[in-house]
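Okay, so here's the structure we're looking at.
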Amino acid sequence: MPKLIQNEWMKLWSKKGTWVMAILLVAIIIGFQGIAKLSEKYMDDSRWTETLQGDLAEVEKELASPDLTEDKKVELEERKSEMESNISFSIESSQPQTREKVITETFGIMSMVTLLTIIVASGIVSTEFSQGTIKMLLSRPVKRWKILTSKYITVLLFCLLATTITYVSSAIGAFIFFPASVENSFMFYGTELTTSAFLGKSLYMMFLAFINAAVISTLAFMLGTVFRSTSMANGVSIFLFFTGPVIVAFLSKYEIAKYVLFANANLTQYETGQTFFDDMTMPFSIAVLIGYVIIFLVLSLVSFTKRDVTA
Amino acid sequence: MEMEMKPVVELKNLSKTIGKKKIIDDLNLALYPGQITGFLGPNGAGKTTTIRMMVGLMSPTSGDVIIEGKSLADDFEEGLSKVGVIVENPEMYKYMSGYKNLVHFGRMHKGVTKARIDEVVDQVGMQKRIHEKVSTYSLGMRQRLGLAQALLHRPKFLILDEPTNGLDPAGIREFRTYLRKIAETEGVSVFVSSHMLSEIELMCDRIAVIQNGKLIDIREMSAEQESHYYIEALPADAAKNLFVAEGFTVEPHKDGFIINVEKTRIPSLIQQLSAQDLQLYAVEPHRKTLEDQFLEMTGGGQIAEAHTE
């Protein structure tokens with residue numbers, strides 16, 4: 001098995017595209033932070049905070065008036081809570097960026113890693129079919145499940161490597177562009193985080209985002225294996241990756257929406273507090289994700305080991 | 001003599017049904033060490049399907065492939081470890097060098113060392129360009145690389161599907177000599193499918209012919225065939241009547257006839273023709289080509305297999 005993984009790894013990095021993706025990843029992350037640094041100079045969020053606070057005061061005044069209908073009152077309450085969260089966000093973003101904060105928020109850019117891993121995962125089996133090399137690969141004294149497993153492990157390794165690259169380049173960028181925190185705490189999604197805790201927190205957030213990327217890539221891996229078409233697997237999984245949350249929001253009236261893959265894939269929602277449903281918990285999501293991953297892998301395995309190669 | 005040897009490969013009651021169509025129907029075949037067997041058949045006869053079942057790319061609906069006593073269904077890894085394969089065009093990883101391709105496939109077999117890879121590269125004469133990307137290779141070079149990967153693990157059994165596609169005449173000749181050599185010196189059993197009958201004729205010890213999924217004939221190429229002569233004499237009708245009267249089977253060919261006649265009968269036959277005042281233009285031994293035999297066996301089916309995939 002280690003030899004098979006070595007083979008897959010060699011093939012992956014013999015492709016120019018893989019190198020392009022890796023270099024692009026580093027460039028985008030560091031570029032992003034450079035832009036953030038530049039815009040910090042020109043944007044002043046404190047004025048935005050003032051405007052919001054003015055609006056809030058008006059809403060509060062309206063709420064205080066005695067002759068309000070029940071409906072109107074509910075509407076105003078809603079607007080008020082929305083504004084309050086906007087204000088806390090604007091206060092948070094008007095704080096000067098620090099290294100610790102930037103590094104802790106690195107997970108926000110992990111959708112790049114998901115995207116790249118989707119591309120790798122959907123092609124790793126299907127390109128063997130489209131290029132005809134599958135005949136050479138499977139007419140060997142190696143059982144098919146071993147070949148498939150080595151390919152899946154390679155996808156996970158790539159995902160892990162891309163996650164590490166993201167974290168390291170974000171850290172490098174943070175050191176170049178942003179000063180170390182002078183205070184001993186910073187705001188992180190509305191909660192206060194002590195500066196000394198940033199390393200553990202940032203790694204934990206990256207780990208959760210890694211799980212997200214790995215699960216979506218397992219979907220892409222399954223599509224590529226079952227349909228044996230790279231473009232189809234690529235297209236469908238990237239499309240679902242971007243529209244998934246919209247689909248969940250659309251279905252949010254129904255109980256079933258909680259079981260949709262995309263309502264659960266992003267585990268960072270439990271840390272940032274931006275959950276799809278109030279009554280969902282991390283263990284629930286983990287259980288759902290394990291279920292999906294098992295289904296995807298079984299489908300891939302059955303399709304890969306049972307079907308004849310006619311390509 | 002060969003029949004007493006233990007076969008390297010046996011196909012036992014091999015059948016394959018796809019949908020309702022029976023692609024391969026109860027195929028039985030044994031292949032022996034040191035022997036080169038040609039596999040012939042018209043379009044869509046089931047050659048590729050048979051070969052794919054022999055290398056684990058397709059699974060038989062019923063029956064079994066046994067390699068050195070190991071059934072592929074029960075012991076896939078052990079069985080296939082003795083087999084070297086080129087299925088149709090050897091499709092290599094084009095974005096890697098020839099050498100990396102060999103390293104890749106070498107890792108999938110037991111006991112392929114670096115030294116062995118270098119040895120095989122030498123054997124197929126690719127030392128100069130082995131570190132260049134496969135995408136820069138000519139078709140002939142890809143064929144050589146294909147052969148190299150099939151030989152890496154010193155197989156007891158080589159399966160070649162259309163191996164000479166894209167080789168120039170010199171390359172084909174070299175390839176043929178090479179196959180002969182490994183069959184004779186290392187006792188490798190070789191199974192070659194090709195649409196080039198003349199190629200098969202020069203290369204093989206015996207041929208297996210498949211049609212509509214059934215094995216219709218296996219014959220030894222070296223076996224003495226019935227003796228045939230081509231005789232051209234005028235008037236043709238009179239000549240024909242004479243042959244028929246003498247009890248020969250007569251087959252029109254060019255301006256004369258081919259008849260099945262023993263060499264020892266020729267002088268008296270010539271005398272008979274002269275006695276009837278027939279004008280004799282030619283008497284020559286006629287060796288049936290493989291193509292003639294093939295068309296005879298398959299009833300004139302097409303030979304070339306379409307490679308549109």
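The values are calculated or read from the model by the stated rules, or taken from the named source; none is laboratory data. The shown structure was predicted, so the numbers you read here are calculated from the model rather than taken from an experiment. Glycine gets a Cβ as well: all are built from the backbone with ideal geometry, and neighbour counts include every protein chain shown. Only protein heavy atoms, including side chains, enter the accessible area calculation; ligands, DNA and RNA are left aside. Shrake-Rupley method; radii C 1.70, N 1.55, O 1.52, S 1.80 Å.
Among the helices (runs of 4 or more DSSP H) confined to segment B:20-117, the ones with at least 3 residues that are open to solvent by less than 30 Å² (accessible area, probe 1.4 Å), aliphatic (A, V, I, L, M) and within 11 Å of another protein chain (Cβ to nearest Cβ) are located at B:47-54.
Tell me the helices (runs of 4 or more DSSP H) entirely within segment A:47-158 that contain at least 3 residues that are buried (at least 22 other Cβ atoms within 10 Å of the Cβ) and more than 14 Å from chain B (Cβ to nearest Cβ). Spell out the reasoning first.
Values: elements: A:70-94, A:99-104, A:111-130, A:134-138.
Passing ranges, in order: A:99-104, A:111-130.
Across segment B:245-266, which residue is nearest to the chain's Cα centre (by Cα) among those that are farther than 20 Å from residue B:287 by Cβ and either hydroxyl-bearing (Ser, Thr, Tyr) or surrounded by fewer than 13 Cβ atoms within 10 Å (Cβ to Cβ) (or both)? Here the residue is B:247.
Can you name the residue in segment A:1-17 that is closer than 12 Å to residue A:119 by Cβ and facing another protein chain (nearest Cβ under 10 Å) and, of all such residues, is farthest from the chain's Cα centre (by Cα)? Walk me through it before giving the result.
Start the filter on segment A:1-17 by keeping residues that are closer than 12 Å to residue A:119 by Cβ, which leaves A:12, A:15, A:17.
Next cut, facing another protein chain (nearest Cβ under 10 Å) only: A:15, A:17.
Numbers: A:15: 25, A:17: 22 Å.
The extreme case among them is A:15.
Among the conditions (1) closer than 30 Å to residue A:3 by Cβ; (2) modelled with pLDDT under 85; (3) among the aliphatic types (A, V, I, L, M), residue A:148 misses just one, which is (2). Pairing residues of segment A:264-288 that are farther than 22 Å from residue A:219 by Cα with residues that are surrounded by fewer than 17 Cβ atoms within 10 Å (Cβ to Cβ) and of a type in the set (Gly, Ala, Ser), at Cβ distances under 9 Å and at least 6 apart in sequence or on separate chains, gives A:272/A:190; A:273/A:190; A:277/A:252. Would you check if there is a residue in segment A:244-259 being of a type in the set (Val, Ile, Thr) and loosely packed, with under 15 Cβ neighbours inside 10 Å? Looking through segment A:244-259, at least one residue is of a type in the set (Val, Ile, Thr) and loosely packed, with under 15 Cβ neighbours inside 10 Å.
Within segment A:272-283, the only residue that satisfies the criterion of being open to solvent by 60 Å² or more (accessible area, probe 1.4 Å) and in a helix (DSSP H, G or I) is A:283.
Is it fair to say residue A:285 is away from chain B (no Cβ under 14 Å) and over 17 Å from residue A:211 (Cα atoms)? Against the criterion (away from chain B (no Cβ under 14 Å) and over 17 Å from residue A:211 (Cα atoms)), residue A:285 does not qualify. Scanning segment B:10-32 for residues that are closer than 18 Å to residue B:191 by Cβ and not polar (S, T, N, Q) yields a total of 11.
Is it the case that residue A:297 is farther than 21 Å from residue A:146 by Cα and either open to solvent by less than 40 Å² (accessible area, probe 1.4 Å) or more than 14 Å from chain B (Cβ to nearest Cβ) (or both)?
no
Hey, any hits in segment A:163-185 for a residue that's surrounded by fewer than 16 Cβ atoms within 10 Å (Cβ to Cβ), outside the structural domain of residue A:88 (by TED's automatic domain parsing) and closer than 20 Å to residue A:17 by Cβ? Yes - at least one qualifying residue is present in segment A:163-185.
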